[in-house]
Amino acid sequence: MSKVTFDTVAVLGAGTMGAGIAQVCAQAGSRVVLQDLNEPFVQKGEARIRDFLQKGVDKGKVTAAQRDEVLARITTATDRAAACRGAALVIEAVPEQLALKNGIFRELAEVVAPTCVLASNTSSLSLAKVFAGVAGPQRCIGMHFFNPVPLMALLELVRTDATDQATIAAVTDYGRLLGKEPILVKDSPGFASSRLGVCLGLEAIRMLESGVASAEDIDKAMVLGYGHPMGPLKLTDLVGLDVRLAIADYLAKELDHPGFKAPELMRRMVAEGRLGKKSGQGFYRY
Ligand code: CAA
């Protein structure tokens, strides 16, 4: 195995993204602490990783020994500061709320070593704002992973004006070790991925709303006509309508572009708890 750039990694947030990130870091050989606010949350994250690895064993992609090794590298914690103390890299994957993320990084910068790299998995928020007032801004960077993290090849690295070359180089090397292909993007709303991806998803919802075609046929148009692995409505279900709505509202404000205005149907579905795959119902039933 090649040299692990970051031997100890703390992942904050044990949801879909946090669990996936913890898994790929452990697969690369890092010791990982997966942290969330309470025991049920961390246990759910750990179970998600165990299930994914087990499916890998069932499919013949992972051996039982590899599964056990990966799981043995992951510990869980509910105390954020304790989870991060001693980490060489902290990756934050908590909900998309600017004040929450900024508060976490301000607090952590005082706890971790000055050399510890601080990364956010935000999918659209301004990194300059996420890291505002954080001690050592040169070590702060966006590391945007994609769902499902263990299967998706892209890692979008987002640099602020303050991020230094050493941080970019270390995180790029580590991204490759995780089996990802890194791209480097300037800190701008929605980066390279969400700005395009969310635009397509919102337009598909508007088309469904105005009766252009059924959800199945809109998705088929993109899968069979454009070679997308999954249609935009099914993908919105996978990501979560609530997650995409928050991104759309943020981008509509930041980019002042009507294409990012969230459709009424999307707002109604979120208000009714039809959030996609995770709630059992979105544009499709699960
Ligand atoms: N362990 C190991 N390998 C596994 C596995 C597991 N548990 N589960 C699946 N695999 C492997 C499969 O064996 C298969 O490998 P081969 O190609 O070698 O056969 C491969 O992974 C694909 O798996 P499946 O055949 O089961 O699934 P699929 O072909 O239907 O692909 C998918 C599933 C990768 C999710 C695909 O549908 C896809 O790419 N969808 C689009 C996802 C996407 O766009 N994600 C981005 C969302 S946006 C986002 O995340 C950003 C944000 O900030 C919100």
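Read-outs throughout are calculated quantities, based only on the coordinates presented, and are distinct from any laboratory measurement. Given the structure is predicted, the values throughout are model-derived calculations rather than measurements. In this analysis, Cβ positions are derived from the backbone assuming ideal geometry, glycine residues included, and neighbour counts consider all displayed protein chains.
Taking other residues whose beta carbon is less than 11 angstrom from the beta carbon of Asp187, and scoring Lys, Arg as +1 and Asp, Glu as -1, yields +2.
Relative protection proxy for 12-24, 232-244, 92-104, from highest mean packing down: 12-24, 232-244, 92-104 (other beta-carbon atoms within 10 angstrom).
Here's the picture: charge each Lys and Arg Cβ at +1 and each Asp and Glu Cβ at -1 in the chain, and of Phe146, Ala135, Ala99 the one pushed furthest to the positive end of that dipole is Phe146.
For the range 8-186, the C-alpha radius of gyration divided by 2.2 N^0.38 Å, with N the number of residues, is 0.96. Among Cys140, Cys199, the order by Cβ neighbours within 10 angstrom, fewest to most, reads Cys199, Cys140. Using a cut-off of 15 Å between beta-carbons, work out the net charge of the residues near Arg106 (Lys and Arg +1, Asp and Glu -1, Arg106 not included). Local net charge: +1.
List the pairs from Lys59/Lys186; Lys55/Lys101; Lys180/Lys234; Lys55/Lys261 whose alpha-carbon separation is above 30 Å, in the order I gave them.
On the way: Lys59/Lys186 38 Å; Lys55/Lys101 32 Å; Lys180/Lys234 23 Å; Lys55/Lys261 38 Å.
Where the Cα-Cα span goes over 30 Å, the pairs concerned are Lys59/Lys186; Lys55/Lys101; Lys55/Lys261.
Computed from the Cα positions only, the extents of the range 105-239 along the three principal axes stand at 54, 29, 22 Å, in decreasing order.
If Lys and Arg each add +1 and Asp and Glu each add -1, what is the summed charge of the other residues whose beta carbon sits under 11 Å from the beta carbon of Gly280? Walk me through the numbers before you get to the answer.
Details: positive: Arg274, Lys277, Lys278, Arg285; negative: Asp237.
Neighbourhood net charge equals +3.
Treating each Cα of the range 29-92 as an identical point scatterer and ignoring solvent, apply the Debye formula and state log10 I(q)/I(0) at q = 0.15, 0.22 Å⁻¹. Log-scaled intensity ratios, in q order: -0.51, -0.92. Overall, the range 8-186 carries a charge dipole of about 220 debye about its Cα centre when +1 sits on the Cβ of Lys and Arg and -1 on the Cβ of Asp and Glu, all other atoms neutral.
Ranked by the mean number of other Cβ atoms within 10 Å per residue, highest first, peptides 267-277, 142-152 order as 142-152, 267-277. In terms of overall dimensions, the range 196-277 has a Cα radius of gyration and Dmax of 12.0, 33 angstrom.
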